[in-house]
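What follows is a set of notes on a single structure, which appears directly below.
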Amino acid sequence: MKLDSIDIRILEILQQDAELQVAEVAQRVGLSTTPCWRRIQRLKESGVITRQVALLDAQKVNVGVTVFVAVRTSTHSQQWFETFKATVQAIPEVVEFYRMSGDVDYLLRVVVPDIAAYDRVYKRLIAGTELRDVSSSFAMEELKLTTALPLGYVG
């Protein structure tokens, strides 16, 4: 799908506040309400906008500790991967899960209230599959966190 400058502006606005009324978005991008609504619907239907969610304050919901977990494995079979993937996806504290290049095979971002809670997550993780190495790093301070994607590469 080809995006023009108005589509990009709509996306920038919605990434900051998806609760805005269509009329407000339309006013900000210089369109009337109906054409703006149609553009937003097209962005949803084409999969550019995948979903709209509420973002929560981690501290206020008692998961203010962020742990980055680097996983290395000696096994790379599809069956092993499916088991590992199912194990990780069943752990709600894992909020991001990536297959990596380089020295680390998988990287997880885990949110928990404290080290004891992370230990319970760790035990579930290692019980589910055979892993060669699991290395955990606790974030000391959050310096930047955004869900907004950069749109300067659209074109």
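No value in this document is a laboratory result; all are computed from the given coordinates. As the structure is a prediction and not an experimental result, all values here were calculated from the model.
Data table
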item	result
Rg followed by Dmax, in Å, when the range 65-138 is reduced to its Cα trace	11.4, 34
Mean-position separation - Cα centroids, the range 1-79 and the range 136-150, in angstrom	17
Sequence-distant lysines (8 or more away, or on other chains) whose Cα lies within less than 16 Å of Lys44	Lys2
Value at 222 nm in deg cm²/dmol, rounded to 500, when DSSP H runs of n ≥ 4 in the chain each add -39,500 (n - 2.57)	-12000 deg cm²/dmol
With Cα atoms, 0 to 90° folded angle of helix 78-89 axis to the chain main axis	70
Cα pair distances of the chain binned at 10 Å [whole percent]	9, 30, 23, 24, 12, 2
Spatially proximal lysines relative to Lys60 (Cα-Cα < 24 Å; intrachain offsets below 8 disregarded)	Lys144
